[in-house]
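Report on one structure; see the data block that follows.
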Amino acid sequence: MQGNIAYRIHEYGSPDVLELDRIPIPTPGPRQLLVKVRAAGVNSLDWQVRQGFVKDSYPMNFPATLGSELAGVVIAIGDQVARFKVGDRVMGPIGFGAYSNYVVVPQAPLCLIPPGLTDVQAAAIPVAALTAWQALHAAGALHPAQRVLIHGAAGGVGGFAVQFAKAAGAIVFATAATENVDYVFSLRADEVIDYQNARFEDRAEAIDLVLDLVGGETLDRSWHVLVPGGAVVSTTTSDIAERASAGARGIWLSMKPDADRLNRIASDVALGRLHSQIAEVDGIAGLPAAIELTRTAHAPGKIVIDFTR
């Protein structure tokens with residue numbers, strides 16, 4: 001078994017605080033797996049943690065390994081592991097630690113990678129898909145024929161959210177940058193608003209549910225398009241309930257692992273029933289730049305790190 005290398009932060013700051021460190025290979029405890037990471041998804045949480053913007057919600061003990069989702073193969077298992085065996089290909093959200101050759105993770109949030117999905121494809125799914133599903137169905141309590149506005153619809157979460165909302169029978173409005181409008185239409189959104197050239201308030205009205213994946217001014221303006229009693233579900237602003245306009249509801253969504261739901265979603269992707277867009281695939285050396293790209297504009301979908309490169 002080769003040595004373990006991890007990209008870790010030793011302090012909060014800019015991309016150069018990420019360092020490639022050689023660390024021991026951990027040993028799995030009860031109900032834990034040792035996974036050799038083959039691919040890991042890159043998320044906006046990575047740069048937010050790196051810069052210390054969310055240290056109250058996600059306190060880190062330095063040095064800390066980032067990376068919140070992975071696809072890999074089980075190398076060893078601890079006691080009381082019944083769902084997996086050595087050699088299984090697994091995927092799932094893990095909290096932190098995915099940017100490492102080997103990582104110990106609990107068995108509970110993981111599922112098997114369906115046949116037909118590569119490791120890179122599998123790594124792009126867990127955080128984005130589960131966040132989108134829970135925002136619409138658990139937090140938003142979406143019903144058929146409701147009008148939904150999805151901000152940031154070209155991103156990993158937004159792309160899944162458009163598809164889930166349409167499958168639930170909703171009328172879907174979405175915002176996207178100019179170059180991504182056609183992509184979001186391809187996901188079957190009913191109306192896509194180019195936010196660089198139009199105000200969404202002029203095109204979306206009587207909205208039952210807003211999914212906020214952007215925050216800032218976009219969130220502040222979203223209250224004005226809601227019907228009385230409508231809701232904004234946000235993944236960006238933890239105090240949204242206190243910021244809600246009169247007659248509206250603000251709901252904070254922090255994704256929770258759900259292995260059964262993830263298994264169903266991954267199977268639908270493998271069978272072509274759902275589309276999972278990959279924006280870019282980089283090797284481990286490209287991780288600092290890939291994390292920085294999630295802070296700025298990038299192509300539709302998820303960035304994935306391929307550990308086999």
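The values are calculated or read from the model by the stated rules, or taken from the named source; none is laboratory data. What you see is a predicted model, and the numbers here were worked out from it, not measured in a lab. Cβ atoms come from the backbone with ideal geometry, glycine included; neighbour counts cover every protein chain shown. Please note that ligands, DNA and RNA were not included when accessible areas were found on the heavy atoms of the full protein model with its side chains. Shrake-Rupley method; radii C 1.70, N 1.55, O 1.52, S 1.80 Å.
Overview of results
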read-out	value
Criterion (in contact with an Asp or Glu (Cβ under 6 Å, 6 or more places away or on another chain), over 26 Å from Thr296 (Cα atoms) and not small (Gly, Ala, Ser)) met by exactly one of Pro15, Pro30, Pro26	Pro30
Residue tally, condition open to solvent by 40 Å² or more (accessible area, probe 1.4 Å) and in contact (Cβ under 8 Å) with a residue 12 or more places away in the chain, over segment 48-64	6
Single residue of Leu34, Leu20, Leu45 found to be open to solvent by 50 Å² or more (accessible area, probe 1.4 Å) and either more than 27 Å from Gln277 (Cα to Cα) or part of a helix (DSSP H, G or I) (or both)	Leu20
Hits in segment 118-141 - residues which are open to solvent by 20 Å² or more (accessible area, probe 1.4 Å) and part of a loop (DSSP other than H, G, I, E, B)	Thr118, Ala141
Residue count, segment 224-266 (criterion: under 30 Å from Gln121 (Cα atoms) and in a helix (DSSP H, G or I))	8
Subset of segment 155-176 (residues that are aliphatic (A, V, I, L, M) and either part of a helix (DSSP H, G or I) or open to solvent by 10 Å² or more (accessible area, probe 1.4 Å) (or both))	Val157, Ala161, Val162, Ala165, Ala167, Ala168, Ile171
Matching entry among Ile113, Ile77 (being in contact (Cβ under 8 Å) with a residue 40 or more places away in the chain and surrounded by fewer than 22 Cβ atoms within 10 Å (Cβ to Cβ))	Ile77
Among residues of segment 22-60, those that are closer than 24 Å to Glu280 by Cα and either of a type outside the set (Lys, Arg) or touching a His at 6+ places or on another chain (Cβ under 8 Å) (or both), counted	14
Residue pairs meeting the criteria (Cβ under 9 Å; at least 6 apart or on separate chains; first without any contact (Cβ under 8 Å) to a residue 24 or more places away in the chain, in segment 87-98; second outside any loop (DSSP other than H, G, I, E, B) and among the aliphatic types (A, V, I, L, M))	Gly87/Val73; Gly87/Val74; Gly87/Ile75
